Amino acid sequence: MARPFPLESVRQILHRKAEDAAAELRGHGERLRAAEAKQAELERYLGEYRAQQQEMLRSGATAARLRGFDEFLLRIKTAIDAQRVEVERHRALWESARVHWAEQSRREQAFEVLAAQHAAREARRDLRAEQKLLDEFSARTRGRAPDAGA
């Protein structure tokens, strides 16, 4: 009978840590994608409002209205700059989580290899023990064969 892997509890802990790191990586990836989508949306708004500003210039809007529009565009640009910083922060968090996940995954894989090696050794040990029993049985059977014929 094969003996259990002596480091099974460590292997299970490492597996949980790798799963937790993967979940953390997914979470950071989702937040990064959301931040990038918000940045893209702000940039789309900026493009739309710039087009409206050009239309206002062509249609002869008042100076006060154009100044108000410039101030609004400046606020959108400020929001875009702030969102770029946020995207970079999320990208750095994602990268850190990716490195952590990769390390946890490597550790887990190392213990998976050890567990597989242990299982192979145990299988060979069981096979040798079974072969020994068969050899002993065969030897006893051969020893009795002449008696059965007498």
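Quick look at the numbers
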read-out: Per residue value of the accessible surface for the chain (all protein chains in place, 1.4 Å probe), Å²; value: 73
read-out: Modelled label reach - I13, point 7 Å along Cα→Cβ, region 80-116 residues with backbone N closer than 20 Å; value: 100-116
read-out: Computed FRET value (nearest 0.05) for R50 with V113, which takes r as the C-beta separation and R₀ as 35 Å; value: 0.05
read-out: Extended-chain gain in nm, criterion 0.36 nm per residue less alpha-carbon gap, K132 and A40; value: 26.0 nm
read-out: Carbon plus sulfur fraction of accessible area for region 1-49, probe 1.4 Å, in percent; value: 56
read-out: Correct choice for Kirkwood radius over Cα pairs in Å that was computed from the model, options (i) 22.1; (ii) 15.3; (iii) 17.6; value: (i)
read-out: Exposure of M56 as accessible area (Å², to 10), given a probe of 1.4 Å and all protein chains; value: 20
read-out: Most mobile of Q109, Q54, Q12 in a GNM of the chain (Cα contacts under 10 Å); value: Q54
read-out: Environment charge at L32 (Cβ cut-off 14 Å; Lys +1, Arg +1, Asp -1, Glu -1); value: +2
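The values are calculated or read from the model by the stated rules, or taken from the named source; none is laboratory data. The shown structure was predicted, so the numbers you read here are calculated from the model rather than taken from an experiment. Note that we place each Cβ from the backbone using ideal geometry, even for glycine, and neighbour counts take in every protein chain shown. SASA here: full protein model, heavy atoms, side chains in, ligands and nucleic acids out. Shrake-Rupley method; radii C 1.70, N 1.55, O 1.52, S 1.80 Å.
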